[in-house]
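> I am attaching a structure below and will ask some questions about it afterwards.
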Amino acid sequence: MADLTPTWDFPGIRIGNSSQHSEPHADYVCRCGEYGKASGTDDVKALVEDYTANHGPAHRTERGRR
């Protein structure tokens, strides 16, 4: 299986859970230079919301408007 860890060369978000009995985890790297990590349900949800609203998809939307 390929390593899906976001990097500066391949930015994006990764969300995972080792098993149904462990806490979820997530991390992202954005082309704008921001990055973040989280573990636990509430923190992962907040990280995904931040990424969606302010990075990845938000940057593509801004470029599409220009």
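The values are calculated or read from the model by the stated rules, or taken from the named source; none is laboratory data. Since the model is a prediction, treat every value here as computed from it, not as a measurement. Ideal geometry is used to build each Cβ from the backbone, glycine not excepted, and the neighbour counts take in all protein chains shown. For the accessible areas, the whole protein counts, side chains as well, though only heavy atoms, and no ligand, DNA or RNA atoms are used. Shrake-Rupley method; radii C 1.70, N 1.55, O 1.52, S 1.80 Å.
> Using a Gaussian network model on the chain with a 10 Å cutoff between Cα atoms, which of 50, 27, 42 fluctuates the most?
Evaluated over the chain, the most mobile residue of the options is 42.
> Does anyone have the angle between helix 41-54 and the longest principal axis of the chain? Alpha-carbon axes, 0 to 90°, nearest 10?
Orientation of helix 41-54: about 10 degrees from the principal axis.
> Let me ask another. Normalising by the residue count of the chain, find the relative contact order in percent from Cα pairs under 8 Å and 6+ residues apart.
The value is 23 percent.
> Next up: In degrees from 0 to 90, rounded to the nearest 10, what is the angle of the helix 56-65 Cα long axis to the longest principal axis of the chain?
Tilt of helix 56-65: around 20 degrees.
> I've got another one for you. Among 36, 56, 16, whose mean-square fluctuation peaks in a Gaussian network model of the chain (Cα, cutoff 10 Å)?
Looking only at 36, 56, 16, the largest GNM fluctuation is found for 16.
> While we're here: For n ≥ 4 DSSP H runs only, could you compute -39500 (n - 2.57) per run for the chain, divide by its residues and tell me the 222 nm figure to the nearest 500?
Helix contribution divided over all residues of the chain: -11500 deg cm²/dmol.
> How much accessible area per residue does the range 1-57 have, in Å², with a 1.4 Å probe?
Here the per-residue accessible area is 72 Å².
> For residue 19 paired with residue 49, estimate the spin-label separation in nm (one decimal), with each label point 7 Å from Cα along the Cα-to-Cβ line.
Result for the modelled spin labels: 3.1 nm.
> In a GNM of the chain with a 10 Å cut-off on Cα contacts, which of 46, 26, 38 has the highest mean-square fluctuation?
Residue with maximal mean-square fluctuation among 46, 26, 38: 46.
> Calculate, for residue 9 and residue 58, the FRET efficiency according to 1/(1 + (r/R0)^6) with r their C-beta to C-beta distance and R0 22 Å; round to the nearest 0.05. Mind showing how you got there, number by number?
Values: r = 20 Å, r/R0 = 0.93.
With a Förster radius of 22 Å, E is 0.60.
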